[in-house]
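The values are calculated or read from the model by the stated rules, or taken from the named source; none is laboratory data. Being a predicted model, the structure only gives us computed values, none of them experimental. Here the Cβ positions follow ideal geometry from the backbone for every residue, glycine too, while neighbour counts run over all protein chains shown.
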Amino acid sequence: MFFTPIKYDEPVFRPPAEARSAIVQVTFGCSWNQCAFCEMYTSKKFRVKNIEDVKKDIIKLASIYRGVKKVFLADGNAFVLSAKNITPVLNQINEQFGKIQRISSYALPKDILSKSDQELKEIRTLGLKLLYIGIETGDDELLKLIHKG
Ligand code: SF4
């Protein structure tokens, strides 16, 4: 049990490398949620959190986790947010946390492909520099079998 100034919609997952990161929940669940081997978000119906509520969460987190160097955007594939929607979140993180080393999130390949090169460059400039992508396999037959999409 740990103290947190905000209420998370559980369960929340993060990569091991984000153990010391502040976690900002911008989506609930995974927009795909169909991989045959994955139970992570089966208890949640995917939805995007209200951006104004996310911005309030960031203020609370930054007031408690002073000096934190990394921020992880949850849930499953937070990078599904459009560039237009993710930009105010990144701006708020930079404004509230100050000198941040990096922001990261889970992503599906289509979340990246849906953004233009220019949008991706701008997102990176705002600090979102690391995306975790579960490739699982390069074998087409197996991808179909596990319904990876
Ligand atoms: S994309 Fe990732 S989180 Fe979503 S169902 Fe597949 S393995 Fe699970």
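When I112 is tested against (1) within 16 Å of the ligand (Cβ to nearest atom); (2) surrounded by fewer than 21 Cβ atoms within 10 Å (Cβ to Cβ); (3) not acidic (D, E); (4) not in a helix (DSSP H, G or I), just one condition goes unmet, and that condition is (4). Filtering E122, E136 for residues that are assigned to a helix (DSSP H, G or I) and either over 13 Å from the mean Cα position of the chain (by Cα) or at pLDDT below 95 (or both) leaves a single hit, E122.
Regarding K49, is this residue farther than 16 Å from Y132 by Cβ, of a type in the set (K, R), modelled with pLDDT of 95 or more and away from the ligand (no atom under 16 Å from the Cβ)?
Values: farther than 16 Å from Y132 by Cβ: yes; of a type in the set (K, R): yes; modelled with pLDDT of 95 or more: yes; away from the ligand (no atom under 16 Å from the Cβ): yes.
It is true that K49 is farther than 16 Å from Y132 by Cβ, of a type in the set (K, R), modelled with pLDDT of 95 or more and away from the ligand (no atom under 16 Å from the Cβ).
Is there any pair with a first residue in region 129-141 that is within 12 Å of A78 (Cα to Cα) and a second that is surrounded by fewer than 10 Cβ atoms within 10 Å (Cβ to Cβ) whose Cβ atoms are under 7 Å apart and which are 6 or more apart or on different chains, and what are they? Qualifying pairs under 7 Å: none. Residues that are under 18 Å from P15 (Cβ atoms) and either assigned to a strand (DSSP E or B) or touching a residue at least 40 places away in the same chain (Cβ under 8 Å) (or both) within region 94-105 comprise R102, I103, S104, S105, listed in sequence order. The single condition among (1) within 27 Å of E95 (Cβ to Cβ); (2) modelled with pLDDT of 95 or more; (3) of a type in the set (A, V, I, L, M) that I64 does not satisfy is (2).
Considering only region 86-99, I want to know if a residue exists there that is among the β-branched types (V, I, T) and at pLDDT below 95.
First pass over region 86-99, keeping only residues among the β-branched types (V, I, T): 86-87, 89, 93.
Narrowing the set further to residues that are at pLDDT below 95 leaves none.
Within region 86-99, not a single residue is among the β-branched types (V, I, T) and at pLDDT below 95.
Give me a count of the residues in region 50-69 that are surrounded by fewer than 20 Cβ atoms within 10 Å (Cβ to Cβ) and either touching a residue at least 40 places away in the same chain (Cβ under 8 Å) or in a helix (DSSP H, G or I) (or both). Break it down into steps so the answer makes sense when it comes.
Residues of region 50-69 surrounded by fewer than 20 Cβ atoms within 10 Å (Cβ to Cβ): 50-53, 55-56, 59-60, 63-69.
Applying the additional criterion that residues be either touching a residue at least 40 places away in the same chain (Cβ under 8 Å) or in a helix (DSSP H, G or I) (or both) yields 51-53, 55-56, 59-60, 63-65, 68-69.
Of the residues in that region, 12 qualify.
Residue count for region 131-149 satisfying the condition of being away from the ligand (no atom under 16 Å from the Cβ) and within 17 Å of L90 (Cα to Cα): 0. For beta carbons closer than 6 Å, sequence separation of 6+ or different chains, a first residue in region 30-41 that is farther than 18 Å from P109 by Cα and a second that is within 6 Å of the ligand (Cβ to nearest atom) and part of a loop (DSSP other than H, G, I, E, B), the qualifying pairs are Y41/C30; Y41/N33; Y41/G76.
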